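Comments concern the structure below.
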Amino acid sequence: MDPELEAFIPLFPRADLTDPVIERKSFAELATAIPVPDIADMEIEDRTVPADPEVTVRIYRPHRTRGAVVWSHGGGFVMGDVDTEHPWAIRLADASGAMVISVGYRLAPEHRFPAALDDVYAVVAWAAEHAAELGIDPERIAVGGHSAGAGIAAAVALRARDRQGPRIRFQLLNQPSLDDRQETWSARNFTDTPWMNRDKVTAAWRHYLGSTPASPHAAPARAADLSGLPPAYIATAELCPNRDEDIGYALRLLEAGVSVELHQWPGTFHGSQAILSAEVSQRQIAELAAALRRALAE
């Protein structure tokens with residue numbers, strides 16, 4: 001493990017997701033402890049997107065932007081909102097120059113699959129339809145997210161392809177949750193890794209799916225055909241249960257003719273980029289922003 005990250009492990013809570021309501025409070029407290037950059041010249045606006053039900057979004061507008069990413073927060077499908085994602089959304093917008101539309105999707109287990117997918121997909125469709133009002137190019141809309149949010153973003157790309165929905169230019173997937181089956185080496189063996197381990201992954205999928213059998217739009221790794229999907233940047237953490245399913249998904253995208261940039265970060269664990277003092281975390285965040293900036297360039 002990266003020694004700068006290892007020093008912080010005793011400070012990480014050992015949550016097990018047994019009671020998502022309790023864990024949401026702890027997750028929010030962790031998020032509020034992360035410093036927020038002072039971006040005086042960035043416009044930030046809270047809005048609701050008309051859908052059934054309405055979806056809360058927070059829009060970050062760097063000046064002179066023409067591209068946008070619809071961004072889904074992490075939190076194991078059961079935690080997080082636009083407030084917990086605020087420190088990361090503002091960094092992504094500032095460093096990439098893209099508009100970030102952060103989505104407050106409905107959480108499991110109160111709202112199981114496909115509620116979160118429906119919410120994020122509705123925001124993508126809304127952004128494409130209202131591109132002129134938002135001041136963005138409808139041909140330069142990406143989807144992205146972290147962890148569970150990245151898995152939802154990948155599912156949105158699949159649904160948009162399957163339904164001939166809004167055109168998505170790019171997928172920005174950071175440590176995505178893609179496969180409920182947990183059959184890979186990393187999923188089977190990482191039982192005591194920091195922050196995210198096999199038991200937490202199992203609980204997250206159980207809360208998200210309930211008794212509903214997993215479909216490709218719930219767990220994108222189950223999709224038989226990955227052709228025709230948008231180009232992707234996929235980042236993985238070495239000591240993360242999701243690592244091997246993410247690498248496998250990247251390889252399958254390549255085999256299906258989809259352009260992919262895959263970055264495996266050595267010595268890191270799931271969510272460790274929140275440790276901002278570590279040099280590797282700073283590089284991870286910078287790379288995510290740079291990949292988005294390249295993808296949405298003229």
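The values are calculated or read from the model by the stated rules, or taken from the named source; none is laboratory data. Treat the numbers as computed from the prediction; the structure is a model and nothing was measured. FYI the Cβ positions are ideal-geometry reconstructions off the backbone, even for glycines, and counts take in every protein chain you see.
Quick notes on this one:
- Conditions (1) in contact (Cβ under 8 Å) with a residue 60 or more places away in the chain; (2) exposed (fewer than 15 other Cβ atoms within 10 Å of the Cβ); number of the one not met by His270: (2)
- Pick from the stretch 183-207, criterion more than 14 Å from Arg14 (Cα to Cα), polar (S, T, N, Q) and free of Cβ contacts under 8 Å to residues at least 24 places away in the same chain, ranking: surrounded by the fewest Cβ atoms within 10 Å (Cβ to Cβ): Asn189
- Near pairs, Cβ below 8 angstrom, 6+ apart or cross-chain, from the stretch 42-67 (in contact (Cβ under 8 Å) with a residue 40 or more places away in the chain and aliphatic (A, V, I, L, M)) to any residue that is surrounded by fewer than 12 Cβ atoms within 10 Å (Cβ to Cβ) and assigned to a loop (DSSP other than H, G, I, E, B): Met42/His63
- The numbered conditions (1) modelled with pLDDT of 95 or more; (2) within 28 Å of Ala115 (Cβ to Cβ); (3) surrounded by fewer than 20 Cβ atoms within 10 Å (Cβ to Cβ) are all true for Arg243 except (3).
- Residue in the stretch 166-178 that is farther than 17 Å from Gly144 by Cβ and touching a residue at least 40 places away in the same chain (Cβ under 8 Å) present: no
- Some residue of the stretch 249-257 being crowded, with 18+ Cβ neighbours inside 10 Å and touching a helix residue (DSSP H, G or I) at 6+ places or on another chain (Cβ under 6 Å): yes
- Check on Ala148, closer than 25 Å to Leu253 by Cα and surrounded by fewer than 23 Cβ atoms within 10 Å (Cβ to Cβ): no
- Considering the conditions (1) touching a Leu at 6+ places or on another chain (Cβ under 7 Å); (2) outside any helix (DSSP H, G or I), Leu92 is excluded by exactly one of them, (2).
- Matching entry among Arg222, Arg293, Arg243 (being out of contact with any Pro (no Cβ under 9 Å at 6 or more places or on another chain), basic (Lys, Arg) and over 26 Å from Pro3 (Cα atoms)): Arg293
Let's see how each residue does on (1) surrounded by fewer than 24 Cβ atoms within 10 Å (Cβ to Cβ); (2) closer than 20 Å to Ala128 by Cβ; (3) in contact with a Gly (Cβ under 9 Å, 6 or more places away or on another chain):
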{"position": "Thr48", "(1), (2), (3)": "yes, yes, no"}
{"position": "Tyr60", "(1), (2), (3)": "no, yes, no"}
{"position": "Arg64", "(1), (2), (3)": "yes, no, yes"}
{"position": "Val69", "(1), (2), (3)": "no, yes, yes"}
{"position": "His73", "(1), (2), (3)": "no, no, yes"}
{"position": "Gly76", "(1), (2), (3)": "no, no, no"}
{"position": "Asp81", "(1), (2), (3)": "yes, no, yes"}
{"position": "Pro87", "(1), (2), (3)": "yes, no, no"}
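- Per-region count, the stretch 121-130, residues surrounded by 24 or more Cβ atoms within 10 Å (Cβ to Cβ) and either touching a Gly at 6+ places or on another chain (Cβ under 9 Å) or basic (Lys, Arg) (or both): 2
- Selection status of Ser186, outside any loop (DSSP other than H, G, I, E, B) and farther than 24 Å from Val21 by Cβ: yes
- Hits in the stretch 208-220 - residues which are buried (at least 22 other Cβ atoms within 10 Å of the Cβ) and either touching a Lys or Arg at 6+ places or on another chain (Cβ under 8 Å) or at pLDDT below 95 (or both): Tyr208, Ala219
- Flag if Val143 is part of a helix (DSSP H, G or I), touching a residue at least 12 places away in the same chain (Cβ under 8 Å), out of contact with any His (no Cβ under 6 Å at 6 or more places or on another chain) and buried (at least 24 other Cβ atoms within 10 Å of the Cβ): no
- Any hit, the stretch 162-177, residues being in a helix (DSSP H, G or I), of a type in the set (Gly, Ala, Ser) and at negative phi: no
- Scanning the stretch 48-89 for residues that are part of a loop (DSSP other than H, G, I, E, B) and aromatic (Phe, Trp, Tyr) yields a count of 1.
- Scanning the stretch 11-29 for residues that are crowded, with 17+ Cβ neighbours inside 10 Å and not in a loop (DSSP other than H, G, I, E, B) turns up Pro20, Glu23, Arg24, Phe27.
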